[in-house]
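First up is the structure itself, then whatever we jot down about it.
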Amino acid sequence: MNPLLEVDGLSVAAPGRRGTTYPVRDVSLTVEGRGTVGVVGESGCGKSTLLRAIAGVLPRGLRAVEGTVRVDGREVDTRRPSGEVAMIFQDPMTGLNPVMTVGEHVAEVPRRRDGLGRRAAHDLAVHLLQEVGIEDAEHRVDAYPHELSGGLRQRVLIAAALSGSPRLLLCDEPTTALDVTVQARFVALLGRLVEDRGLGVLYVTHDLPLLGTMCDRIDVMYAGQVVERGSTREVLQHPAHPYTEALLAAAPRMDSRRARLVSIPGRPPVLLADTAGCRFAPRCPHAVDACDAAGPLGPGTSGHESACVRRDELEARSERGVAWR
């Protein structure tokens, strides 16, 4: 059986005065039905651009120049939205029109695309609000976004995304503006919807520990490329790329007595077409001469993939609980 989502060799170009840059370069990934895949990386690594290309909503000035995107075996046009793909954006306040009611947001797609009548659209909106766990949906349907909490607004965005009956749900850091308690409820709701509706979910975030609670697999992105991929357990417990290890070290820990958080030195490179070798090498304390010719993802000793030329050494040390030097 084919995966629900297949991205093969996708590159996104951004022409500029100093030349064309590539915020996404030769990215391939898959998402299964009833599966959740996380894409993680620091700000500016290309995560959101990747999602927008898949959804067909790239901003002006960006365009997909290579590769294909298939949903349920059918190739989709990255220049326009697909009815089988829905996206939930980061900020639930700016994602909603302040002069439209909750019901108008949720029913907009069925009314415009499917020609649903006013009464039927209203009933559908109430049903979807109930499905995403909004109490008193019959009254909330007539509320405006400013009358709802951040958590409720995020649930409205989910209901609006579901109104088009998508097969694939793209989540662009949807819990960033939510507190920890509301975030946990959101993750639980998303898990239930995946099972009940058979959705595939591609979840983008910079929060590696969060992905550990909700994803089947993790793809780690750096400078527009996937540098590590594997099951959630393997990636979090036995990282096979120094960038993944650095992200894990930078995450706050409740059981740590460190006075200061660990940061990654330097900054990501300019993403030009002729950027060769490992893009993380200039920031990596473990770089060697072979990094200048580092290739694509390859299998490590545990079976998950890494683009690091020293992946076997890193995995072996992480499995023994020994710091890499």
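Side notes on the structure shown:
- Where a residue in region 87-100 is crowded, with 16+ Cβ neighbours inside 10 Å and modelled with pLDDT under 85 and its partner, wherever it lies, is not aliphatic (A, V, I, L, M) and not in a loop (DSSP other than H, G, I, E, B), with Cβ under 6 Å and at least six apart: 89/172; 90/172; 92/150; 92/153; 92/154
- Helices (runs of 4 or more DSSP H) lying entirely in region 140-248 (those with 1 or more residues that are closer than 27 Å to residue 304 by Cβ): 180-197, 208-211, 232-237
- Residue that is modelled with the lowest pLDDT [pool: residues in region 298-325 that are surrounded by 20 or more Cβ atoms within 10 Å (Cβ to Cβ) and of a type in the set (A, V, I, L, M, F, W, C)]: 314
- Only residues that are closer than 13 Å to residue 222 by Cβ and assigned to a loop (DSSP other than H, G, I, E, B) were counted in region 281-295, giving 2.
- Yes/no for residue 57 being surrounded by fewer than 21 Cβ atoms within 10 Å (Cβ to Cβ) and closer than 16 Å to residue 171 by Cβ: yes
- Selection of region 134-163 for residues being surrounded by fewer than 18 Cβ atoms within 10 Å (Cβ to Cβ) and within 17 Å of residue 189 (Cα to Cα) yields 135, 149, 150.
- Of the residues 70, 52, the single one that is within 19 Å of the chain's Cα centre (by Cα) and closer than 19 Å to residue 206 by Cα is 52.
- Summed over region 113-128, the residues that are on the phi < 0 side of the Ramachandran plot and either outside any helix (DSSP H, G or I) or in contact (Cβ under 8 Å) with a residue 24 or more places away in the chain (or both) give a count of 6.
The values are calculated or read from the model by the stated rules, or taken from the named source; none is laboratory data. None of these values were measured; they are calculated from a predicted model. A quick note on method: Cβ atoms are made from the backbone with ideal geometry, for glycine too, and the neighbour counts reach across all protein chains shown.
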